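Notes follow the structure.
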Amino acid sequence: MSWKVWLPLFLFAGFLGLAAYQLTQPKDDFVESRMVGEALPYFDLPPATGGVEGAATTDFQDGTPKLLNIWASWCLPCIAEAPQLERLKEAGVPIVGIAIRDRPEDVAQFLARHGNPYSRIARDDLSEVQLAIGSSGVPETFVIDGRGYIRYQHIGDIREDDVATLLGELEAAR
Amino acid sequence: MIAELGHAALWLAAALAALQMASGFLALRAAEGSEIAALVRPSAIVQGALASFSFAMLLWLFAVTDLSVKLVAANSHSLKPLVFKLSGTWGNHEGSMLLWVTVMSLAGALIALIERRLPDRTMNATLGAQGLVALGFYAFLILSSNPFERLPVPAPEGLGLNPLLQDIGLAFHPPTLYMGYVGLSVAFSFAVGALLTRQVTPDFASAMRPWVLGAWVFLTLGIVAGSYWAYYELGWGGWWFWDPVENASLMPWLAATALLHSTSVLASRDALRVWTIMLGVVAFSMSMVGTFLVRSGILTSVHAFAVDPERGTFILILLGLFIGGALLLFALRANTISEGQRFNATSREGALVFNNVMLSAILAIVLLGTLYPLLTEAFDVRVSVGPPYFNPVGAIFAVPMFAIMAIGPLLRWRQDRVERIRPELSLFAALVLVALIGFGIVANVAILPLLGLALGIGLAVASFLPLRGRSLKRVPLATWGMVVAHFGIAVALLGMASESAFSREKLAAIEPGQTTQVGPWSVTLSDVVPVAGPNWTALEGRLSASYDGSEPVALTPQSRRFWAPPQQTTESALSTRWNGQLYAVIGDRSPDGRWQLRLWWKPFVTLIWYGGLLVALGGALALVGRVITDVRRRRIAARIVERRSDREALA
């Protein structure tokens, strides 16, 4: 009985230490994809609106690295990253967009208002492709190399500082 | 002005808590009947009054939607119905913490007013401990979560309350749960007081018992209400998700259940002294640990409170002080408190100890499962612990517990023989066996629900066996309470097992006019129409559902859009029959014009909550019984004193 009465206190001290340690850790809510380094999963999606082309896995196997941008017209950070996507397009980067759970008329309106940096825009009404490549939100941008392998994942909107990083990753994927 | 009055009352209440603590602990060292001891009770009473006043002021601010107060602007909206304005008072971090200290100080005031059984020194130490705990929470409120903070410029309109919380069930769920959590603080203070004075006696247990019972009844009600709310409001079709916040309410309940039973042993048999004290400390510690886990945001939960690491640190320090202090005191003093009366393993005490150990084991399992993600995250591994862990591992201890629960109340105190209760044992075993064979082989039910069904049936009958051969009119109310509560557990167990064994689910995409089947129901989608409420618009599915070809009933599940704050919620529609519930949720419209419908047929699912209510009713009966006995005893004692003084006067 003598030493056992100290047991609760020691257990509690352990909990206290663990909790104190966890409190000091920054909360990281980004979920990184486990698909980085893997081949792009198979998909073949219809166009998201009139006047654009849909996208399929085979489009990524033509030898040129591309960006795969997961976005939606209802997503506010996507508006914020539109100018950066425009700059990447001007730098000669082909960008394939996948519109998540979107409506054709909304997509058309978004493109009219914020510009169209995309070479293709596909619609993913059930988030199938999004889930398959391990993206947990919009917007997210993936660097895909010329053989169709996922090389890099960028979570959240693309800021000005991120443009150089993405260009570097595209260069490395060549 | 109102906000300032409330704020001032809060400071004054904190000051009185400090006085209560200081005088309570100083009185321990002072001589008998010293002046300092006379301060303890009044300061507890005035503190209770001030805290209630402060809370009333916050209620008032929410009722009139005073948008110059930050908390009101952030959590209310002028367009909200009045009842949700009022419930918005505790639907946020600051307000709910104010409610917490209000309940805590009211409990302290109540002990100070009515509790006369304990020796003065223990009483003062208890109130001192209560003052210390309250002071910590006042400091937390005033320094880091001031509910009365003003905005520099009043907001033009409030941000509104989370629509999920705009529900009548939720208006009453937090207050009941808090009364439970905080009621346990009284048991905690009693335990600390008794440790300080080393006076762990049956009297101490009888004084503590009504508080534990009361807290336990409220906890039970709070958990039942919360579970039902999650069931119909979240639209996921489940009634328990092993979410950290749910576990935070379950853990104190498990500890309080164990405490309740060991208090009974201590009160009637003067045994299990150290164990009871330990549980008294653990029960409230579980309330505080739960609060910490939820409010600090170190665990991810569907119940997103405004998360703030600074607050987390504050609560963690309070935890360290209170729980650490109490456990240290326990370690230092436990060896000087004798174990009390001995008893035989085959006895009422033996059964109660066995179930206490099982309850503690389940508590440890839930605690481990809740904290495990925290532990692995320290090593950069993210896991989520869910039903595949909790259900089977919990069952390992729950199954023997239910079996002993059926038998224990039939045993005599101190020493008994199994042979004496052989007929009852055989009846229980036969019922369980028949149910096992019936459901297992004939209906092919999975193992966990099968055990639940069999034990539920056995326990439902066995819980009434303590009444056999007794004149029902003369059975004490507390015994009725036990019978009803045990029967309630059996009923809830049957509901859980039946839901898990026999539920039918259907995910259908149908056009208006089409019909789909789920279990014995055929459900027709007649139409989908837009409807509007006070602060939302919705698409409402018009369903007509017919049970086994009988007269159809109308069901109207909605997909609601609130505009303050903008959020979409699903309102499930339920059709309740005596033998179960049909549960319908309407989803999105697919591009080809069909509507997604999610339907469940859940046989006897309502038994879960009816059982929970019976458990609470049993607790309430026992509480009333104990209080009546106590009042009677006091009257008799008073009469004896009166007679003695009469006799002395005559002489």
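Things to note:
- The residues of region B:72-131 that are assigned to a loop (DSSP other than H, G, I, E, B) and either more than 26 Å from B:GLY193 (Cβ to Cβ) or of a type in the set (Ser, Thr, Tyr) (or both), listed by number, are B:SER76, B:HIS77, B:SER78, B:LEU79, B:LYS80, B:PRO81, B:GLY91, B:ASN92.
- Check on B:PRO210, surrounded by fewer than 24 Cβ atoms within 10 Å (Cβ to Cβ) and modelled with pLDDT of 90 or more: yes
- All positions within region B:476-523 that are under 16 Å from B:GLY593 (Cα atoms) and among the hydroxyl-bearing types (Ser, Thr, Tyr): B:THR515
- Within the option set B:VAL434, B:VAL475, being under 30 Å from the mean Cα position of the chain (by Cα) and either of a type in the set (D, E, K, R) or assigned by TED's automatic domain parsing to the domain that holds B:GLU499 (or both) holds for one residue only, B:VAL475.
- Among (1) within 14 Å of chain A (Cβ to nearest Cβ); (2) crowded, with 24+ Cβ neighbours inside 10 Å; (3) of a type in the set (A, V, I, L, M, F, W, C); (4) over 20 Å from the mean Cα position of the chain (by Cα), the one test that B:TRP275 misses: (2)
- Within region B:377-387, considering residues that are surrounded by 13 or more Cβ atoms within 10 Å (Cβ to Cβ) and more than 10 Å from every other protein chain (Cβ to nearest Cβ), the one nearest to B:VAL294 (Cα to Cα): B:VAL385
- Leading residue by the ranking (modelled with the highest pLDDT) among those in region B:140-184 that are buried (at least 20 other Cβ atoms within 10 Å of the Cβ) and over 26 Å from the mean Cα position of the chain (by Cα): B:PHE148
- Selection count where residues are part of a loop (DSSP other than H, G, I, E, B) and under 24 Å from B:ARG150 (Cα atoms), scope region B:1-59: 1
- Qualifying residue in region B:320-329 (condition: at pLDDT below 85, within 11 Å of chain A (Cβ to nearest Cβ) and in a helix (DSSP H, G or I)): no
- Lone qualifier among A:GLU105, A:GLU86, A:GLU90 - being surrounded by fewer than 17 Cβ atoms within 10 Å (Cβ to Cβ) and within 14 Å of chain B (Cβ to nearest Cβ): A:GLU105
- Pairs meeting the criteria (first residue in region A:125-140 and aliphatic (A, V, I, L, M), second residue outside any loop (DSSP other than H, G, I, E, B), beta carbons under 6 Å, at least 6 apart or on different chains) are A:VAL129/A:ILE98; A:VAL138/A:ILE70; A:VAL138/A:TRP71; A:VAL138/A:ILE100.
- If the condition is being of a type in the set (D, E, K, R) and in contact (Cβ under 8 Å) with a residue 12 or more places away in the chain, then region B:508-564 contributes B:GLU511, B:ASP527, B:GLU540, B:ARG542, B:ASP548, B:ARG560, B:ARG561.
- All told, A:ALA173 meets the bar of being modelled with pLDDT under 90, more than 23 Å from B:ARG589 (Cβ to Cβ) and in contact with a strand residue (DSSP E or B) (Cβ under 7 Å, 6 or more places away or on another chain).
- Options B:GLY440, B:GLY495: the member that is part of a helix (DSSP H, G or I), closer than 30 Å to B:THR257 by Cβ, small (Gly, Ala, Ser) and at pLDDT 95 or above: B:GLY495
- Every residue from region B:375-419 that is modelled with pLDDT under 90 and assigned to a helix (DSSP H, G or I): B:LEU375, B:THR376, B:GLU377, B:PRO387, B:PRO388, B:VAL418, B:GLU419
- Scan of region A:20-79 for residues that are of a type in the set (S, T, N, Q), part of a helix (DSSP H, G or I) and within 14 Å of chain B (Cβ to nearest Cβ), ordered by number: A:GLN22, A:THR24
- Within region A:4-19, residues that are within 7 Å of chain B (Cβ to nearest Cβ) sit with their Cβ atoms under 7 Å from residues that are surrounded by 16 or more Cβ atoms within 10 Å (Cβ to Cβ) and outside any helix (DSSP H, G or I), at 6+ positions apart or across chains, in these pairs: A:ALA19/B:ILE298.
Quick grid of which residues meet (1) in contact (Cβ under 8 Å) with a residue 12 or more places away in the chain; (2) aliphatic (A, V, I, L, M); (3) closer than 29 Å to A:LEU18 by Cβ:
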residue: B:GLY369; (1), (2), (3): yes, no, yes
residue: B:ALA398; (1), (2), (3): yes, yes, yes
residue: B:ARG417; (1), (2), (3): yes, no, no
residue: B:ILE437; (1), (2), (3): no, yes, no
residue: B:VAL442; (1), (2), (3): no, yes, no
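- Selected residue (only one of B:ILE298, B:ILE317 is β-branched (Val, Ile, Thr), within 11 Å of chain A (Cβ to nearest Cβ) and outside any loop (DSSP other than H, G, I, E, B)): B:ILE317
- Pairs are defined by a Cβ separation below 6 Å, a sequence spacing of at least 6 or placement on different chains, a first member in region A:39-54 that is among the aromatic types (Phe, Trp, Tyr), and a second member that is surrounded by 19 or more Cβ atoms within 10 Å (Cβ to Cβ); the pairs so defined are A:PHE43/A:VAL129.
- Taking the numbered list (1) surrounded by fewer than 23 Cβ atoms within 10 Å (Cβ to Cβ); (2) charged (D, E, K, R); (3) within 14 Å of chain A (Cβ to nearest Cβ); (4) closer than 17 Å to B:ALA194 by Cβ in turn, B:ARG311 passes all entries but (4).
- Of all residues in region B:330-356, those being within 14 Å of chain A (Cβ to nearest Cβ) and either surrounded by fewer than 18 Cβ atoms within 10 Å (Cβ to Cβ) or without any contact (Cβ under 8 Å) to a residue 12 or more places away in the chain (or both) number 7.
- Of all residues in region B:416-429, those that are surrounded by 12 or more Cβ atoms within 10 Å (Cβ to Cβ) and either in contact with a strand residue (DSSP E or B) (Cβ under 7 Å, 6 or more places away or on another chain) or of a type in the set (A, V, I, L, M) (or both) total 4.
- Qualifying residue in region B:9-28 (condition: of a type in the set (Ser, Thr, Tyr), in contact with a helix residue (DSSP H, G or I) (Cβ under 6 Å, 6 or more places away or on another chain), crowded, with 24+ Cβ neighbours inside 10 Å and under 16 Å from B:LEU127 (Cβ atoms)): yes
- Qualifying residues in region B:603-634 (those that are β-branched (Val, Ile, Thr) and part of a helix (DSSP H, G or I)) - the one surrounded by the fewest Cβ atoms within 10 Å (Cβ to Cβ): B:VAL631
The values are calculated or read from the model by the stated rules, or taken from the named source; none is laboratory data. Since we're looking at a predicted model, the values are computed, not measured. We place every Cβ from the backbone using ideal geometry, glycine too, and count neighbours over all the protein chains shown.
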